[in-house]
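Structure, as structure tokens:
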Amino acid sequence: MSSGNLIMLIVILLLLVVLVFLALAEMGLSKMSKPRAAAIAEEHGRVGPSLMTLVQQPERWINPLLLTVNICQTVQATLTGILAGNLFGGVGVAIGVTLNVIVFFVVAEAVPKTYAVLNPDRAALMSARPVRALTSFAPLRLISQALIGLTNVLVKGRGLEQGPFVSEQEFLGIVEAAAEDEVIEHEERELIESIIEFGDTIAREVMVPRPDMVIVANTSTVTDALNLGIAHGFSRLPVYGSDEDDVAGLAFTKDLIRAEREGRGDLPVLDLVRDVTFIPENKPVARLMREMQEGKFHLAIVADEYGDIAGLITLEDCLEELVGEIVDEYDAEEVEIVTLADGSLLVDGTMHIGDLSDEIGIELPDDDVETVGGLVFSSLERVPEPGDTVELAGVVFRAESVEGRRVRRVRVTPPPREDLAEDGQSVESDA
């Protein structure tokens, strides 16, 4: 081997070592969170500042590091081809390039990145100071910025300024994996998932619908309203206004009790109503809960796009989206799902479609409606009658109990596991 070929071989091996380190650094720093970096920085005084700088400003090192990797890969592959050609001719080039791809993938990609995934703290500590020094090299940083600027011109982007590094679905996947590995408790996982979903929840999805509301007639007396509140165990009752399409305000049970004890039970309940807050049905629950905390009110009336009463929502309804059902001594515990002997389910018509999807493991359509009863009603395109069935996504829905125009109970029969289809199909109902 000539001295020139020997020098090329040494350079190729050195570049391979550099690529191993860069792969380790890329994965290790990418896996490092800000809280974890802060904790490590307190334990390692010399490396800590470099690590914190890189984690807090990832845009300062990602692009220069990737550019360095690209340059090293290109040079290493080129030199490998030249060396193989000098030593073995044309056939040697093909063999050399093939072997280089295998060696590069295993040695310079899979091994260091797997190590960094298994030992993220150690990988980040090993690479923090060298990477900071590398990315502080002005020419490299300027070239990477120029190339990113060109990229942004071509794709109309803003580089790393847009979007989080971890999407919502990726984050939920991380949480689920952490729960399976017993890093966090399953209860903690459920709470985290509830918080993520909470941001997308709107008032219409958690409100008490208009037919289920307990409303005091505007002609009622204080005694009548108090009896109604005691019968249902409510501390606040909406009171009709001039007609049943309007709510004049809220009657507080404590106000009614005080008036009753003072001998004013025959007064019109309208004399004691307090102001009530109206909100649109598409108002985010997270924002509503903050407004309830700031405004110190516990109940709001939900109005649809036409201004009609759609339902009501309480602070407890908002909290239940985060922590699950809150049952007190006045609540009659209702079983939302009953499993029957044949494997079918008897569910409440007001059950949310998403909850049923989670229960049976099949994605059900919920674009236009939100409850199981509403799904049956919408699919039939008429008022259901007991016994009416409809099939969606391979699941058979049978209306078991109907009150007026409302579907109270629905029998749900999922398909056998081996017959589950990829996509749901709607089948005409048979009355």
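The values are calculated or read from the model by the stated rules, or taken from the named source; none is laboratory data. These figures come from a predicted structure and were not determined experimentally. Cβ sites come from the backbone with ideal geometry, for glycine too, and all protein chains shown count toward neighbours.
Only one residue in Leu118, Leu16, Leu66 is surrounded by fewer than 13 Cβ atoms within 10 Å (Cβ to Cβ) and modelled with pLDDT of 85 or more. Which one?
Leu118
Pull out all pairs, ordered by first then second residue, where Cβ-Cβ is under 6 Å, the residues are six or more apart or on different chains, the first lies in the range 119-139 and is in contact (Cβ under 8 Å) with a residue 60 or more places away in the chain, and the second is outside any loop (DSSP other than H, G, I, E, B) and among the polar types (S, T, N, Q).
Pairs that qualify, where the first residue is in contact (Cβ under 8 Å) with a residue 60 or more places away in the chain and the partner is outside any loop (DSSP other than H, G, I, E, B) and among the polar types (S, T, N, Q), are Ala128/Ser50; Arg129/Ser50; Arg132/Ser50.
For the range 221-313, please list each of the strands (runs of 3 or more DSSP E) lying entirely inside it that holds at least 1 residues being out of contact with any Phe, Trp or Tyr (no Cβ under 9 Å at 6 or more places or on another chain) and closer than 30 Å to Ile196 by Cβ.
It comes to 277-280, 299-303.
Out of Ile337, Ile353, Ile362, report the one residue that is surrounded by fewer than 21 Cβ atoms within 10 Å (Cβ to Cβ), touching a residue at least 60 places away in the same chain (Cβ under 8 Å) and under 29 Å from the mean Cα position of the chain (by Cα).
Exactly one residue qualifies, and that residue is Ile362.
Among the residues that make up the range 190-197, is at least one of them aliphatic (A, V, I, L, M) and either at pLDDT below 80 or touching a strand residue (DSSP E or B) at 6+ places or on another chain (Cβ under 8 Å) (or both)?
No, the range 190-197 contains no residue that is aliphatic (A, V, I, L, M) and either at pLDDT below 80 or touching a strand residue (DSSP E or B) at 6+ places or on another chain (Cβ under 8 Å) (or both).
Could you tell me how many of the residues in the range 1-13 are surrounded by 18 or more Cβ atoms within 10 Å (Cβ to Cβ) and of a type outside the set (A, V, I, L, M, F, W, C)?
0
Can you find even one residue in the range 262-274 that is in contact with a helix residue (DSSP H, G or I) (Cβ under 7 Å, 6 or more places away or on another chain) and free of Cβ contacts under 8 Å to residues at least 40 places away in the same chain?
No - not one qualifying residue is present in the range 262-274.
Which one of these does Met1 not meet: (1) under 18 Å from Asn100 (Cβ atoms); (2) modelled with pLDDT of 80 or more?
The number of the failed condition is (2).
Looking at Ala39, is it in a helix (DSSP H, G or I), surrounded by fewer than 16 Cβ atoms within 10 Å (Cβ to Cβ), hydrophobic (A, V, I, L, M, F, W, C) and at pLDDT below 80?
Considered against the rule, which asks whether it is in a helix (DSSP H, G or I), surrounded by fewer than 16 Cβ atoms within 10 Å (Cβ to Cβ), hydrophobic (A, V, I, L, M, F, W, C) and at pLDDT below 80, Ala39 comes out as yes.
Regarding Leu288, is this residue modelled with pLDDT under 90, under 36 Å from the mean Cα position of the chain (by Cα) and within 30 Å of Glu187 (Cβ to Cβ)?
Working: modelled with pLDDT under 90: no; under 36 Å from the mean Cα position of the chain (by Cα): yes; within 30 Å of Glu187 (Cβ to Cβ): yes.
Considered against the rule, which asks whether it is modelled with pLDDT under 90, under 36 Å from the mean Cα position of the chain (by Cα) and within 30 Å of Glu187 (Cβ to Cβ), Leu288 comes out as no.
Considering only residues that are of a type outside the set (Val, Ile, Thr) and without any contact (Cβ under 8 Å) to a residue 24 or more places away in the chain, which ones fall in the range 49-76?
Pro49, Met52, Gln56, Gln57, Asn70
Is it the case, given these coordinates, that Ala217 is at pLDDT 90 or above, surrounded by fewer than 16 Cβ atoms within 10 Å (Cβ to Cβ) and within 28 Å of Thr350 (Cα to Cα)?
For Ala217, the condition - at pLDDT 90 or above, surrounded by fewer than 16 Cβ atoms within 10 Å (Cβ to Cβ) and within 28 Å of Thr350 (Cα to Cα) - is met.
Would you pick out the residues in the range 159-189 that are surrounded by 15 or more Cβ atoms within 10 Å (Cβ to Cβ) and at pLDDT below 70?
none
Assuming Arg46 fulfils every condition listed in (1) basic (Lys, Arg); (2) over 37 Å from the mean Cα position of the chain (by Cα); (3) buried (at least 17 other Cβ atoms within 10 Å of the Cβ) apart from one, which condition is it?
Unmet for Arg46, out of (1) basic (Lys, Arg); (2) over 37 Å from the mean Cα position of the chain (by Cα); (3) buried (at least 17 other Cβ atoms within 10 Å of the Cβ): (3).
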